[in-house]
Amino acid sequence: MAKLIVVFGGVAAAFALALSAAPAKASLIAGGSCPGATQAFKQFGDARYYTFGTNGGVESGTTGWTVTGGASVVRGNESFYVHSSSDSKALSLSRGATALTPSMCMGTSSTVVRFFVEGNTSVRVDVVERNLLGLVVGILNATTVTGSSAWQPSPAVLNLDSLQGVLGVSSVQLRFTALDGTALVDDVYVDPWSSGN
Ligand SMILES: [Ca+2]
């Protein structure tokens, strides 16, 4: 039993070191929270540290999200279970449906967003910026991701540096729109620390 405790202690210490090393360049936009730092996409060759979006795997249903059209939470998680092996839900977007995330943790430079997608359709990702009053001050079309019939990690959505260009941004959300057909989206992660640089 004593050995077991020592081993766990070592793991914990290593983990703590990894955490303290990650958010070195943290310069965060107010309004977001940045819990934890995990190499969520390491198995895909991406060593960046990410924070999990608030209800980023829709395990709490659409709590905190704003959905329109045929958007709903369905059974079936992204197949890599990156966030948790006990997760069981994903976001379903029919053609033209939109889903706006809760406020995300974002840095003021080189923020990276990554998530999982399934479905033979394109999914547009917009960044919605709000001021302290909650008013939209900017909407940026960050990228359009093409899904397939199997779950896959999206490409890293890079270079959201233009977030710096809008004055008075105090919170940032992502908005997903299915363009051609039905898409599933799950496990939304953000690297607000420029940890890949
Ligand atoms: Ca999920």
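The values are calculated or read from the model by the stated rules, or taken from the named source; none is laboratory data. Everything numeric in this text was worked out from a predicted model, so none of it was measured. We place every Cβ from the backbone using ideal geometry, glycine too, and count neighbours over all the protein chains shown.
What pairs come up if the first residue lies in the stretch 50-78 and is within 14 Å of LEU174 (Cα to Cα) and more than 13 Å from the ligand (Cβ to nearest atom), the second is in a strand (DSSP E or B) and not β-branched (Val, Ile, Thr), and their beta carbons are under 6 Å apart, counting only those six or more places apart or on different chains?
Partner pairs satisfying both residue conditions: THR66/LEU100; VAL67/ALA99.
Which pairs have Cβ atoms under 7 Å, sit 6 or more apart or on different chains, and link a residue in the stretch 88-106 that is within 13 Å of GLY119 (Cβ to Cβ) to one that is away from the ligand (no atom under 16 Å from the Cβ) and not in a loop (DSSP other than H, G, I, E, B)?
Cβ pairs passing all conditions: LEU93/ALA178; SER94/ALA178; ARG95/ALA178; ALA97/THR68; ALA97/ALA178.
How many residues are of a type in the set (Ser, Thr, Tyr) and either modelled with pLDDT of 95 or more or in contact with a His (Cβ under 8 Å, 6 or more places away or on another chain) (or both) if we restrict to the stretch 39-65?
Residues flagged as of a type in the set (Ser, Thr, Tyr) and either modelled with pLDDT of 95 or more or in contact with a His (Cβ under 8 Å, 6 or more places away or on another chain) (or both) within the stretch 39-65 amount to 3.
Can you pull out the residues in the stretch 169-196 that are on the phi > 0 side of the Ramachandran plot and either crowded, with 24+ Cβ neighbours inside 10 Å or within 16 Å of the ligand (Cβ to nearest atom) (or both)?
ASP187
Mind checking which residues of the stretch 80-119 are more than 14 Å from THR68 (Cα to Cα), among the polar types (S, T, N, Q) and away from the ligand (no atom under 16 Å from the Cβ)?
Within the stretch 80-119, SER103, THR108, SER109, SER110, THR111 meet the criteria.
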